[in-house]
1. Report, to the nearest whole %, how much of the accessible area of the chain belongs to carbon and sulfur atoms, 1.4 Å probe, protein only.
2. Using a/c under 1.5 as the rounded threshold, could you call region 20-70 rounded, prolate or oblate? The axes a ≥ b ≥ c are square roots of the C-alpha gyration tensor eigenvalues, and prolate needs a/b larger than b/c, oblate otherwise.
3. Let me spell out the model: positive unit charges on the Cβ of Lys and Arg, negative unit charges on the Cβ of Asp and Glu, origin at the Cα centre of the chain. What dipole size does that give, in debye rounded to 20?
4. Please pull out the direction-averaged projected area of the chain, using the convex hull of its alpha-carbon atoms, in nm² to one decimal place.
5. What's the FRET efficiency of E292 with A255 using the Cβ-Cβ distance as r and R₀ = 22 Å, to the nearest 0.05?
6. If you fit an axis through the alpha-carbon atoms of helix 219-232 and take the longest principal axis of the Cα set of the chain, what angle between them do you get, 0 to 90°, nearest 10?
7. Work out the FRET efficiency for N304 and I109 from their Cβ-Cβ distance, taking R0 = 51 Å, and round it to the nearest 0.05.
8. Specify whether the C-alpha gyration tensor of region 5-113 places it in the rounded, prolate or oblate class, a ≥ b ≥ c being the square roots of the eigenvalues: rounded for a/c under 1.5, otherwise prolate if a/b is larger than b/c and oblate if not.
Amino acid sequence: MKFSEIIYQKAELELKKRRLQAEKLCEARRKDFVAKHPELLDIEAEMKNTALSVIKCIGAGSQKMDINLVAKRNLEAQEAKKQLIVAAGYPEDYLDTPYSCKLCNDSGILNGKLCQCHIQLLQQLSVGELSCSPMLAKSSFEAFDVNLYTDIKDRALGFSPREYMRGCYEMLKAYAENFTPQSNSFFFCGGTGLGKTHLALAVLNRLTSRGFSVYYNTAGKIVKQLKNESFSKADSSLEEEINSSDLVIIDDLGAEFASEFGSAALNELISDAILNAKAMIIISNLSVSELESRYGQRLTSRLNGFEVLEFIGEDIRQKLK
Ligand SMILES: [Zn+2]
């Protein structure tokens, strides 16, 4: 799995923040505890002295009996510390540094490899602000309910929205299960509240749990970021993020504020991603012809290779309320 340099840097910063927070909390707890139970310092001094003595004894080739004696005193001091903490009404590890990951002490490295907490952090960061969104947690394949779509047959289509959406659901689930970076791209269209974002995020969730990196953002936020980047003349971190992703999801294309800059920037970004053979999911409330009148034919002709999935039915969000 690969992530962009920026994501690694952000993760590094976050781990550092976690370590500092844990150390600060530990220091405050300790200070408070010692003020109430100063005997802790004597016990700790005994722990330190006996530990040093054990090392000295070993270095001097002392009798095993002597070494055992000092080691025993050290263990007794450790036990006395635990008892003092518990008697004061705290859990026995209360004065240990409360790292959020006990495996790597928030260093992010375990046995020379990235710790699980570090990988999880990288995945969260790669989906940006979305990682904090409750929407992402809710949007799984398991949580998708096709029964929210009506089973009344649509005369013109010859089948019911439920039947049709079950087919879409099964296809996308199989897509997520079998995904490789060479997999095909999709264009999701249809009105609001038909589950487009839900299913795209379900794909995202499945892919990240399979170890792929996924870029997700709305067209509006992408334009905003590109504008900031062009303003600050910084190297494009967005471009790097997209290039290092296995799947790129652009949500709500056409819902962003219409501007010449936005249209040109999105056109270029999508064209570049297609030229780089990125697997993509583009989501829009607009139809292909509406997209064409807004962004021009260049964009829609690029979408020729995309599988178009039109979501149908009534707004299922209303039914969830
Ligand atoms: Zn860890």
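The values are calculated or read from the model by the stated rules, or taken from the named source; none is laboratory data. Just so we're clear, the structure is a prediction, and the values are computed from it rather than from any experiment. Methodologically, a virtual Cβ is constructed for each residue, glycine included, from the backbone with ideal geometry; neighbour enumeration extends over all protein chains shown. Calculation scope for accessible area: heavy atoms of the full protein, side chains included, ligands and nucleic acids excluded. Shrake-Rupley method; radii C 1.70, N 1.55, O 1.52, S 1.80 Å.
1. Carbon-and-sulfur percentage of accessible area, whole number: 53.
2. Here region 20-70 falls in the prolate category.
3. Using only the charged Cβ atoms, the result is roughly 680 debye.
4. Convex hull of Cα atoms, orientation-averaged projection: 25.1 nm².
5. Plugging the Cβ-Cβ distance into 1/(1 + (r/R0)^6) gives 0.85.
6. Once rounded, one gets 70 degrees.
7. It comes to 0.65.
8. Since a/c reaches 1.5 but b/c is at least a/b, the shape of region 5-113 is classed as oblate.
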